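Notes to accompany the following structure.
Just so it is clear, none of the values below were taken in a lab; they were calculated from the coordinates. All of these numbers come straight from a predicted model, not from anything done at the bench. For neighbour counting, all protein chains shown are included, and Cβ atoms are generated from backbone atoms with ideal geometry for every residue, glycine included.
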Amino acid sequence: MAREARQWPLALHHYAEVLRREPGHREARRERALTLDALGSAGEAWRQFDSQRELFSESEALGFEMRYAARRLNWAQLETDEAVRETEVAAVLIRLQQLHDRADQNDPGAAGRIDSDRLLALNLLSRHDEVIERVAERERAGIALPDWLRVSVADSHMARREPAQAATLLEAVLADEPQSEQATVLLAYAWLELERFDDARELLADWLAQNPAFGEDGAVRWSRAGVDLNAILIESFSAQLAAAYQRIESLSELAPLDAGLLDARAGIERRRGWPETALTTARIARTEAPQALLPMTTEIEALLDLNRDIEARPLFEKLVADYGQHRRTQGIQERWERRQGAQWSMEALRADSRAKDVGELSPSGPGGSGEFRFGLRVESPLLKDRYRLGALYQLHWADFQGQRVERERVGVTASSRQDRVGYGVELSRTRDDFVPESTFGGWFDYRHSDLWRSSASVWRHAPFASLQARAAGIRADGIRVGASRSPDERSRTGVSVEQLRYEDGNVRSSAYVAHRQQLAAGPKREWYTRSGAGAGRGTRADAPYFNPSRDASLDFGLTVDQLLTRDYSEAWRLRVDLDISRTWQQGYGSDWVPAIEIMPRWLPWAGHEFSLGLRYSCPVYDGNRESRWALVLRMGGGE
């Protein structure tokens, strides 16, 4: 009677009394298992069933099995160790397949329910292509998708880079369940990938406003913390890094050792240009959750940022072995392959200059009346996680007073980067008819901290010496020294000093200080200013090439970098540079020099860029103003 009245606890009490008096009572044992199942205790009901299978019909046995499998899936999702969770879900998936084969013959309705559980298991195992294929098969068969499965299918669409399909499902979920935390967060990411950045931020802000941190009874709503964290991450992905970091610092004060929070913080620190700080944070996160996927991937990313590939390799191999199917792992693999693979870059410039002043027949600047530059560098895949060998080809010519002067050289390079230190050497030989020379150079750079870096290079027969000097048979040795400071992603300041020692005794020295400051940044557009000041001097006034005895400049510029269109890693961007300089040359006074450059850029996939730009300027040399047009082509691929 109690069971028929759905008074489950009372019914279980009565069965216990009967079994206490008569342990072998078959009906009481049978009814107890069925009551536990009806009560929702699928695990205990299955154990009772499994110990006395002969008491149940085939359909009842199938019910126990399928409900227990579904409960195991729910338990697996609560497992914090991802390897253990994946093992358990894989075992349940095998069992679901076996049950589906049985149900197909005896109970089509049960087969449909089991198939839905299989979809969930496939999603949890990151087998997203199979999820979408099975959903399509069900649709063709006229089988509707259960409401509870829509978020999981949307997640598989996201993994397949189908945010529009995911958004459609998730919007339907929120129409039915406006407070669904999981659907809200996933929809925000779908909108983010659809370039609806403001909508994504507003969606999470509205959810947080409707769900305060504390309930009416004063209890903490822990689900809110997850939404809050994702709101911070979406803010960071929307190029609001400073605001996101400020928010995550405040959140960290509430849970300083939460692994998920620490991992998110490390990711933001990486994007702010602080890889050493990010590595420390990621390692604390791994200490708190040693087997968790996300802190492991963030640690690998930080190690790669720091050129510590040797240290990253064993961790990377463990990641691939343990979590090879996960989206985050696949992203790390793609970066690892770009970094370990060959690197290449190509740049070409074609410029034309005309004198603007009456009576000036030909430009007197270092670029002549016409100029062409071409450079190609190719480097080998990374050897032993730190070395690269390479080759180069460069051609540079300019026309001076009707004479074409060129420098054509081919060479080889070798370099190494490991942790704070990078160094390399370059050896090349000219192939033109002017001064025969072998160029030898070496460079060294050092990362002092997340903020400071310095570099130096020395050259025998420097390839950046004057072409006009080359026409006169004069070569030069060179040295460059530089240092830079970048407190975060918004600003960078650098200073460089260069000296060229020509064979005619002239020593050409120059120094320059530059600063770049972000004015505003958004997911589709960035504005920043550039400013600088430089000065130079030469020791010979009679050099047969452009060589001011004293010169200086103050430079100001504004850059707008606009996203035109994007589809994940493929993007089209447009950069516009506006510049104005005040230049001074001893004996000729000072002048204003304007310039503009328009540069469309195509990024076909991660690590590759192709750009073609047009630049116009009006430089002044020896008091004579020139009109200069330049077409610039750049290509490159690798890390």
Length gained, ARG431-GLU288, 0.36 nm per residue minus C-alpha separation, equals 45.4 nm
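Counting other Cβ atoms within 10 Å, keep those with at most 16, restrict to DSSP loop, and tell me which chymotrypsin sites (Phe, Trp or Tyr not before Pro) in region 554-597 are left.
Numbers: sites: PHE556, TYR568, TRP572, TRP584, TYR588, TRP592; in loops: TYR568, TYR588.
Answer by residue number: TYR568, TYR588.
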Nearest-ten-degree value, helix 241-254 long axis tilted from longest Cα axis of the chain:
40 degrees
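Sorting ILE474, ILE114 on the 10 Å Cβ count, fewest up front, what's the list?
Details: ILE474 19, ILE114 25.
Listed from fewest to most nearby Cβ atoms, that is ILE474, ILE114.
Taking the Cα centre of the chain as origin, work out the dipole magnitude from +1 charges on Lys and Arg Cβ and -1 charges on Asp and Glu Cβ, in debye rounded to 20.
Values: 86 positive and 98 negative charges, 399 e Å.
So the dipole magnitude of the chain works out to roughly 1920 debye.
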Long-range amide H contacts for TYR621: which residues qualify at under 5 Å (H placed 1.01 Å from N, peptide plane, sequence gap of 5 or more or a different chain)?
GLU626
Structure-derived volume of the Cα convex hull per residue in Å³: which label, when the choices are (1) 154; (2) 179; (3) 196:
(3)
Lys/Arg +1, Asp/Glu -1 at C-beta; region 341-637 dipole; positive extreme among GLN517, LEU467, PRO544
GLN517
So what's the angle, to the nearest 10 degrees on a 0 to 90 scale, between helix 163-176 and the longest Cα principal axis of the chain?
40 degrees
What ranking of MET635, MET158 emerges when the number of other C-beta atoms within 10 Å of each C-beta is taken as an exposure proxy, fewest first?
MET635, MET158
Just name one of ILE479, THR80, SER152: the one whose Cα is farthest towards the positive end of the charge dipole of the chain (beta-carbon charges, Lys/Arg +1, Asp/Glu -1).
ILE479
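For SER627 and LEU554, FRET efficiency with R0 = 25 Å and r from the beta-carbon atoms, rounded to 0.05?
On the way: r = 22 Å, r/R0 = 0.88.
Result of the calculation: an efficiency of 0.70.
How large is the charge dipole for region 341-637, taken about the Cα centre, if only the Cβ atoms of Lys, Arg (+1) and Asp, Glu (-1) carry charge, to the nearest 20 debye?
Values: 42 positive and 37 negative charges, 127 e Å.
Once rounded to the nearest 20, the dipole reads 620 debye.
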Please give the calculated 222 nm ellipticity per residue for the chain, where each DSSP H segment of at least 4 residues contributes -39500 (n - 2.57) and the sum is spread over every residue; nearest 500 deg cm²/dmol?
-13500 deg cm²/dmol
For region 122-128, 3J(HN,Hα) per residue [Karplus equation, 6.51 cos²θ - 1.76 cosθ + 1.60, θ = phi - 60°, Hz, x = Gly/Pro]
4, 5, 5, 8, 6, 9, 6
Tilt of helix 150-159 relative to the longest C-alpha principal axis of the chain, in degrees (0 to 90, nearest 10)?
30 degrees
Relative packing of 599-606, 249-256, 619-626, which averages over residues the other C-beta atoms within 10 Å, highest first:
619-626, 599-606, 249-256
Positive-end residue of SER496, ALA278, LEU99, charge dipole of the chain with Cβ unit charges
SER496
